[in-house]
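**Q** If you scroll down you'll find the structure; I have some questions about it.
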Amino acid sequence: MYNSTRFKSHHRQRQHQHTTTSAAVSHRFTAVVPGVALSPLHRLVRTIQAPPPSPILSLSDHTRLRVRRTRYPYPTSQPPTPLRLRSCPSPAGSSLRVGPVIDTKDERYSRIFDVRLNLKGKNGVSLILELTSEVLMENSLIFADLITDYRKNLSGLCRIEVPDVENLNVFRETIELMFDEDIEKKLLKIGVFRAIDILEVSEGIKFGRGVSSCLKYLEAVPWTEEEEEKLRILFSKIKLDDSTTKDILARLCSLGSVDSQQTLAKQLVWSITTSVDANARSELKSLVKGLLCKSSVYEKDFPDLNKEDIFAVCESCLSLLVSLFEEASGADPCEKPTKIEKDKPLLERISKQVDNINWLLDILLDHQMAEEFVDMWVAQVKLLKIHENASPMIRYELSRVSAMLFIAMGTRKLHCRSETRLGILRVWFRPMLLDFGWLQRCRKGLDMKALEEAMGQALLTLPLREQYTLFMDWFQCFSKHGTECPNLSKAFQIWWRRSFLRNSETFAVESSVSPSMVLNAPILVKHSKSGGADHSSGTPKLSL
């Protein structure tokens, strides 16, 4: 009784293990191969036993395939069809082959399968295609040579194995196209991205009809940037002799030289600065700046801008700006405006030229060529004189250019010599103090907080004696006009510490003294090394 019970229990355990193993294999197959799309021509087939392994003749990749001989007993109950497709996960120790079947009803190919094409993906998944040799030999030179060599000495089922396939579904679709009369019509449903993959496989197996159809389709349709880049990479790896290839390459490769590209860039810049329509000018500025920007995806190998061409446009804009300010002051302008320009308000024309200058300056900053523009701006003596007598609602436009330069200097985007920095701050710092209130009211995209911070940082790059003069000008202006003047308190504290407290033990004055304390205190006393105040005389001592 004991032995019988133990035998039954053992028998149930073995049955349970067998059921669990079968379910696991079935579940693993479903998980590994979920992406085989079923078409109306697909139908399910019964589970069959895989043939035993046979010797392999090793070749490699698409053009060096592996061939091995085997005999496979096909069921006599199934009618012959030209193509059968099976997908399998090829688990270790498993001989199951379950999957969909494709039947193409064509009397020309109605014969028994005599070729088995085994595609092995890089991820370990296998795809088995059973088809007639007549189809492969008619469409692919590679397969034709392999099958011909095989049949010289052997007969029966020819097994061709393709290892390390990048995309099994693409390879399968390429083989399916051999059974289509109108491949281009099928490509319309597949799309450009997939057609590029099929083109690569077709070229690898020398599927001439597939290569020709893919090229004609790709040449006739528009591409996205991603598809264009994929085509560019493909044509850098393969060489095709088809005449359609020339048309595709003409769309991919630039025909212009470096000189023509630079000439075109100059023409675009000139066109924008002379444009009359404000909306179109704004749109085109954004477009061309994005194209000429060094970080642009379009300009990976673009040669650097011709500096002389850009500065020629800058000089033209500055000359027009001087003429406009002369017109505003009542003097005869050097350059007469056109009839179209004259019909527009003077303030609008001035604002347009300032926008053009700032746009050009932005391009120069991106290409690190703006230092010479700083010298040009410092040399604008006429504009500086006109600024002294011009109306505040007009003159503040000049400070918009200075603001952009100060921000570039304070944020380390513009690297200038000491003489250049000193020159621009001596000439344009005081006009900025006067125009700051108008800049706040008419910002036109200007970040005022960034401007205040950058002005302080730019001042701190000067020698301490030069800082003293400019900070005193700011202090007097801020005490009179308050918020109409930039708040440089933080930079002022740093200058104070560097000037008077370098040998002191108290370096926390930057964080402990607030801007209001600095501005409200009429006198700050110099501290000694011991921390006490110096009262040797009746007045505090300030020394540089």
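The values are calculated or read from the model by the stated rules, or taken from the named source; none is laboratory data. All of these numbers come straight from a predicted model, not from anything done at the bench. Neighbour counts are summed over all protein chains in view; Cβ atoms, including those assigned to glycine, are modelled from backbone coordinates with ideal geometry. Areas reflect the complete protein model, heavy atoms only, side chains present, ligands, DNA and RNA absent. Shrake-Rupley method; radii C 1.70, N 1.55, O 1.52, S 1.80 Å.
**Q** Can you classify segment 415-486 as rounded, prolate or oblate using the Cα gyration tensor, where a ≥ b ≥ c are the square roots of its eigenvalues, rounded means a/c under 1.5, and otherwise it's prolate if a/b beats b/c and oblate if not?
**A** Verdict is oblate for segment 415-486.
**Q** Please give me the summed charge of the neighbours of Trp359: other residues whose Cβ is under 13 Å from its Cβ, Lys and Arg +1, Asp and Glu -1.
**A** +2
**Q** State the percentage of accessible surface on segment 341-415 attributable to carbon and sulfur atoms; use a 1.4 Å probe and exclude ligands, DNA and RNA.
**A** Carbon and sulfur atoms account for 52 percent of the accessible area of segment 341-415.
**Q** Now, a different point. Cα gyration tensor of segment 346-426, axes a ≥ b ≥ c as square roots of the eigenvalues: rounded (a/c below 1.5), prolate (a/b > b/c) or oblate? Numbers along the way, then the final one.
**A** Numbers: a/c = 2.25, a/b = 1.44, b/c = 1.56.
Cα axes put segment 346-426 in the oblate bin.
**Q** Tally Lys and Arg at +1 and Asp and Glu at -1 over the other residues with C-beta under 9 Å from the C-beta of Val170: what net charge comes out?
**A** -2
**Q** Which of Trp428, Ile386, Val401 sits farthest toward the positive end of the charge dipole of segment 334-462, with +1 on the Cβ of Lys and Arg and -1 on the Cβ of Asp and Glu?
**A** Result: Ile386.
**Q** Distance cut-off 21 Å, Cα to Cα: go down the list Lys189/Lys237; Lys206/Lys237; Lys216/Lys246; Lys285/Lys449; Lys285/Lys307; Lys186/Lys216 and report the pairs above it.
**A** The answer is Lys189/Lys237; Lys285/Lys449.
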